[in-house]
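Have a look at the structure below before the remarks.
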Amino acid sequence: TKGTLALDNFLLTLNIVLPVFLVMVVGYVCKAAGMIPQIAEKTMNKLVFNVFLPVSLARSLMNIQEDSQLNPWVLGFCAAGVVATFLAALLVVPRVEKVNARRGVLIQGSFRSNYAIFGLPLAEALFPQGDGGVAAMMVIATIPVFNVLAVISLEFFRGGKCDFKRVALGVLKNPLIWGCAIGFLVSKLPFDLPDFALSTVNKLASVASPLALFVLGASIDLKKIRGNKGALLWGTGVRLVLVPAVLLTIAYFLGFRGAEFSALMIAFGSPCAVSSYTMAAQMGGDEDLAGQLVMATTVLCSVTMFLMIFCFKTWGIF
């Protein structure tokens, strides 16, 4: 029945979103209880950015199966949609926000979704019997593009002026991009890595998501939300409503259906990436606003994603 379907879809999404939110709550409580000094918070943030997230991204690309079948037009459309969102935000955000540190964060938040940490588990839950290759292959069109454009967004407005040499160096030095590159190269090796190497990668990668969320929760200062209310409302609306509404409408009329459409839905409709906070903190962006965007979009995504899944399933799109 429709009621049962709605409940199943709600519980499916809730079981993915709620643990993410609760890990952030634990981090916040630990910081409020005085268990995490500021220097420890910054050190953990640096470790996440330079070690654990790059390894996690590398593992995502290493695990892509050679026999995964995916219409290349889906990858192209996804990448084009992300780039178009970035360009649109690059034109609009400077007109509505005057502070450079916040401009880069808002631009990054508009196009960069949490596909790796939030999206892949959701895709696996939506299609437990198969079609997982579609979601896994979408990593190629999301994570590298997300990270390159995120570095450009933050570097572009660092220091109050555009320095293209610094932007290029920032892209080349970014550890998340190196993680993507290494993972892609390893996936193309004609042999499998030894078990001890794979086990090491898996253990390090498994730390990335919970530690990133924990540190994010520890960094949140609820007193500062009032000062960011306008930017937070704007950024959340763009990420969760405007971007998926525009791009998924185009995807529908282009004929994408089934697992391909669901992968696009997750790529365009997921909350802001956890790593966007980490990157903002490391690259001179407004880390408070970045963290609040991740928290707000992660919580509210349980509503928007539920509505999308319910509607698209009801309409037979996937």
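Can you tell which of 33, 52, 285 lies farthest toward the positive end of the dipole of the chain, using +1 and -1 charges on the Cβ of basic and acidic side chains (Lys, Arg; Asp, Glu)? Among 33, 52, 285, the one farthest towards the positive end of the dipole of the chain is 285. Could you check the spin-label model distance between residue 172 and residue 38? Points 7 Å from the Cα along Cα→Cβ, value in nm. Calculated label separation equals 3.5 nm. When the residues 308, 24, 35 are ordered by accessible surface, computed with a 1.4 Å probe over the protein chains alone, the sequence from largest down reads 35, 308, 24.
Split the accessible area of the range 137-257 by element, probe 1.4 Å, and carbon with sulfur accounts for 71%. A Gaussian network model of the chain, with springs between Cα atoms under 10 Å, assigns the largest mean-square fluctuation among 172, 120, 198 to 198.
Taking every protein chain into account, the accessible area of the chain amounts to 46 square angstrom per residue (probe 1.4 Å). Both radii are taken from the alpha-carbon atoms of the range 131-254; with Rh as the Kirkwood radius, Rg/Rh is 1.02.
Label-to-label distance, residue 14 versus residue 84, with points set 7 angstrom from Cα along the beta-carbon direction: 3.5 nm.
Take 27-33, 265-271, 234-240 and order them by the average number of nearby Cβ atoms within 10 Å per residue, most first; the result is 265-271, 234-240, 27-33. Put simply, the range 223-307 fits an ellipsoid with semi-axes of 27, 13, 10 Å; these come from the alpha carbon gyration tensor as the roots of five times its eigenvalues, largest first. Across the chain, Cα pairs under 8 Å and at least six residues apart give a relative contact order of 34 percent. Which one, [x] 27, 48, 21, 3, 0; [y] 33, 60, 7; [z] 28, 44, 25, 3, gives P(r) over Cα pairs in 20 Å bins from 0, in percent as derived from the coordinates shown? Computed from these coordinates, P(r) over Cα pairs in 20 Å bins from 0, in percent corresponds to label [y].
Ranking 85, 204, 253 by how far each Cα lies toward the positive end of the dipole of the chain (charges on Cβ) leaves 85 at the top. Listed values for the range 7-18 are Karplus-derived 3J(HN,Hα) couplings in whole Hz (6.51 cos²θ - 1.76 cosθ + 1.60, θ = phi - 60°), namely 5, 4, 5, 5, 5, 4, 5, 4, 5, 8, 6, 4, and x replaces Gly and Pro. Run lengths n ≥ 4 of DSSP H only: what is the helix-derived mean residue ellipticity at 222 nm for the chain, with -39500 (n - 2.57) per run over all residues, to the nearest 500? Helices in the chain give a 222 nm mean residue ellipticity of -24500 deg cm²/dmol.
For the range 270-318, the Kirkwood radius over C-alpha pairs fed into Stokes-Einstein at 25 °C and 0.890 mPa s yields D = 204 µm² per second. Normalised by the residues of the range 189-287, what does the relative contact order come to in percent, with Cα pairs under 8 Å and at least six apart? Reported as a whole number, the value is 30 percent. Of all lysines in the structure, the ones whose alpha carbon falls short of 20 Å from that of residue 203, not counting any fewer than 8 places away in one chain, are 46. Magnitude of the charge dipole for the range 175-276, about its Cα centre and with charges confined to Cβ atoms of Lys, Arg (+1) and Asp, Glu (-1), is about 520 debye.
The values are calculated or read from the model by the stated rules, or taken from the named source; none is laboratory data. If you're wondering where the values come from, they're calculated on a predicted model, not measured in any experiment. Every residue, glycine as well, gets a Cβ built from its backbone with ideal geometry; the counts of neighbours run over all protein chains shown. These accessible areas exclude ligands, DNA and RNA; they are computed on the full protein's heavy atoms, side chains included. Shrake-Rupley method; radii C 1.70, N 1.55, O 1.52, S 1.80 Å.
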